[in-house]
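K.L.:
My questions all concern the structure below.
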Amino acid sequence: MTSKSYYLSVLDPTVQLAGLKMTTKKIAVIGAGACGLPAIKCCLDEGLQPVCLERTYSIGGLWNYTEEVRPGQACVMKSTIINTSKEIMAFSDLPIPKEFPNYMHNQYVMKYFHFYADHFELKKYIQFGKEVEHLVKADDFEKSGKWKLIIKDVTSGKASEQIFDGVMVCTGHHAEPNLPSLPGLDVFQGKVVHTHDFKDSYEFVDKHVLVIGLGNSGGDVAVELGHIASQVWLSTRRGTWVLNRVSEYGLPADIVAIRRIFELLPLSLKNTMTQSKLQQRFDHDRYGMGIFTL
């Protein structure tokens, strides 16, 4: 008994299979960043026809650093280095080049994205300068399952309507800054900047700066400002654990920590081991981080 494999061609709009006429499904991929690129690749692997809509003129999403602030567009800081080692962050179907550093500066992340897109010839499926303004179910959705998109050409400003069999939203969640409402902020005479719009630290030379929030962005900007500002305060409403990128013997911390054997341990034991390890680096209480139980 023999078996045959059939593949749907994305180059031909229709194929003949077992006497039945089948139409290749057209899938809209919104965004050509870290999620959009592998989404295009997965569509091709499954015999689908991807159409990637990217409102900027480059791949990379928030990893595409630009000097200017672009409304509604996330962007890393000029000094941003990724906090995941290249072995862990790499797409499963294409390793990151061995000559790249373990923890890559944003320029190397962009190089990898271009390497990935070029290797699998993904760029020809991307329409740059196309912004999706509206996404709704098509009029015959209950029957066809199709979606209607209103797409604006960024250059001309003209909008058009297109129908797709499916949609993959790959826009991320850092596009719009979330500014807190703080008492007295409206009369504050100094400069207020969200890290969404923070590009470099030069405008804060010899300034007194308060950084609110101790997430990844808050930690990064506090360290960067610490080199040139007169004084930097880091405010956090609760304690946090600080993890170093590099572990014992210079190995990436996530490579050391991610082991299948750890999954066999009870959560309470894993938490205790983790806390003990982090405390060996420095006493979080002494640095005002507070100690709380994982």
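The values are calculated or read from the model by the stated rules, or taken from the named source; none is laboratory data. These figures come from a predicted structure and were not determined experimentally. So basically every Cβ, Gly included, is an ideal-geometry build from the backbone, and we count neighbours across all protein chains shown. Each accessible area value is taken on the protein alone, full model and side chains, heavy atoms only, with ligands, DNA and RNA left out. Shrake-Rupley method; radii C 1.70, N 1.55, O 1.52, S 1.80 Å.
K.L.:
Quick one: is Val256 without any contact (Cβ under 8 Å) to a residue 24 or more places away in the chain and open to solvent by 80 Å² or more (accessible area, probe 1.4 Å)?
P.N.:
no
K.L.:
Of the numbered conditions (1) in contact with a strand residue (DSSP E or B) (Cβ under 6 Å, 6 or more places away or on another chain); (2) modelled with pLDDT of 95 or more, Lys41 satisfies every one except a single condition; which is it?
P.N.:
Just one mismatch for Lys41, condition (1).
K.L.:
In the set Leu122, Leu94, which member is of a type in the set (A, V, I, L, M, F, W, C) and surrounded by fewer than 16 Cβ atoms within 10 Å (Cβ to Cβ)?
P.N.:
Leu94
K.L.:
Residue by residue through segment 52-65, note down the ones that are open to solvent by less than 20 Å² (accessible area, probe 1.4 Å) and either free of Cβ contacts under 8 Å to residues at least 24 places away in the same chain or touching a strand residue (DSSP E or B) at 6+ places or on another chain (Cβ under 6 Å) (or both).
P.N.:
Cys52, Leu53, Glu54, listed by residue number.
K.L.:
Here are Tyr112, Tyr108, Tyr103: which of them is free of Cβ contacts under 8 Å to residues at least 12 places away in the same chain, surrounded by 13 or more Cβ atoms within 10 Å (Cβ to Cβ) and either of a type in the set (D, E, K, R) or at negative phi (or both)?
P.N.:
Going through Tyr112, Tyr108, Tyr103 in turn, the sole match is Tyr108.
K.L.:
Take the residues in segment 178-192 that are at negative phi and small (Gly, Ala, Ser); name whichever of them is least open to solvent (accessible area, probe 1.4 Å).
P.N.:
Step by step, filter segment 178-192, then rank; the result is Gly190.
K.L.:
Only one of (1) without any contact (Cβ under 8 Å) to a residue 60 or more places away in the chain; (2) open to solvent by less than 40 Å² (accessible area, probe 1.4 Å) is not met by Ile150, so which one is it?
P.N.:
(2)
K.L.:
Output the qualifying pairs, or none if there are none: Cβ atoms under 8 angstrom, residues six or more apart or on different chains, first residue in segment 22-47 and without any contact (Cβ under 8 Å) to a residue 12 or more places away in the chain, second residue surrounded by fewer than 21 Cβ atoms within 10 Å (Cβ to Cβ).
P.N.:
Thr23/Pro13; Thr23/Thr14
K.L.:
Pairs needed: first member in segment 191-208, assigned to a loop (DSSP other than H, G, I, E, B); second member anywhere, open to solvent by less than 60 Å² (accessible area, probe 1.4 Å) and charged (D, E, K, R); C-beta distance under 6 Å; at least 6 residues apart or different chains.
P.N.:
Sorted first by the residue in segment 191-208, then by its partner, the pairs are Ser201/Glu224.
K.L.:
Criterion first (touching a helix residue (DSSP H, G or I) at 6+ places or on another chain (Cβ under 8 Å), without any contact (Cβ under 8 Å) to a residue 40 or more places away in the chain, more than 23 Å from Ile40 (Cα to Cα) and of a type in the set (Gly, Ala, Ser)) does Ala229 satisfy it?
P.N.:
yes
K.L.:
Continuing with the same structure: Taking the condition of being open to solvent by 90 Å² or more (accessible area, probe 1.4 Å) and within 24 Å of Arg70 (Cβ to Cβ), how many residues in segment 160-177 meet it?
P.N.:
Count: 4.
K.L.:
Determine whether segment 122-139 contains at least one residue that is among the aromatic types (Phe, Trp, Tyr), closer than 30 Å to Thr80 by Cβ and either out of contact with any Gly (no Cβ under 9 Å at 6 or more places or on another chain) or part of a loop (DSSP other than H, G, I, E, B) (or both).
P.N.:
yes
K.L.:
Before we move on, is Arg238 surrounded by 11 or more Cβ atoms within 10 Å (Cβ to Cβ) and within 30 Å of His208 (Cβ to Cβ)?
P.N.:
No: the conditions fail for Arg238.
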